[in-house]
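Encoded as structure tokens, the structure appears first; notes follow it.
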Amino acid sequence: MRRKIAKAIVALYLLGAAAVLVTFILAPPDGLANLPMVIWTLPTALIGLVTVFWPFDVAYPFMPTAFGYYGGHVAFFLPSVAIIAWVMWRVIGGKPS
């Protein structure tokens with residue numbers, strides 16, 4: 001039963017991530033277009049924000065600028081969603097019996 005609940009929660013998270021990604025791609029590239037992406041991947045986004053505001057002069061490490069605006073955001077968002085979904089699966093679903 002625990003694995004079914006984990007599967008449902010992770011599926012809902014991934015479905016929401018797909019909606020956030022489509023909304024971002026359809027939005028014009030302005031200052032707030034990426035806000036839903038940051039909120040949806042808050043645990044990984046906070047790790048990157050710590051490095052930005054750290055006393056070292058470091059750019060945001062998880063968003064490559066070589067891919068452009070949309071490509072860089074997608075390159076950050078997809079691995080972040082995958083990591084968060086995997087952690088949710090492991091925490092909620094537990095070890096297989």
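Being open to solvent by less than 40 Å² (accessible area, probe 1.4 Å) and either touching a strand residue (DSSP E or B) at 6+ places or on another chain (Cβ under 6 Å) or under 13 Å from Ala11 (Cα atoms) (or both) is the filter here; which residues of the stretch 73-94 pass it? First the steps, then the outcome.
Step one: filter the stretch 73-94 for residues open to solvent by less than 40 Å² (accessible area, probe 1.4 Å), giving 73-77, 80-81, 84-85, 93-94.
Of everything in the stretch 73-94, those that are open to solvent by less than 40 Å² (accessible area, probe 1.4 Å) and either touching a strand residue (DSSP E or B) at 6+ places or on another chain (Cβ under 6 Å) or under 13 Å from Ala11 (Cα atoms) (or both) turn out to be Val81, Ile84, Ala85, Gly93.
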Spans of helices (runs of 4 or more DSSP H) in the chain with at least 2 residues in contact with a Gly (Cβ under 7 Å, 6 or more places away or on another chain) = 2-26
Considering only the stretch 60-92, state which residues are over 17 Å from Gly31 (Cα atoms) and among the small types (Gly, Ala, Ser).
-> Ala66, Ala75, Ser80, Ala82, Ala85
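The values are calculated or read from the model by the stated rules, or taken from the named source; none is laboratory data. What you are looking at is a predicted structure, and each value in this text was computed from that prediction instead of being measured. Quick reminder, even Gly has a Cβ in these numbers, built from the backbone with ideal geometry, and neighbours come from all protein chains shown. SASA here: full protein model, heavy atoms, side chains in, ligands and nucleic acids out. Shrake-Rupley method; radii C 1.70, N 1.55, O 1.52, S 1.80 Å.
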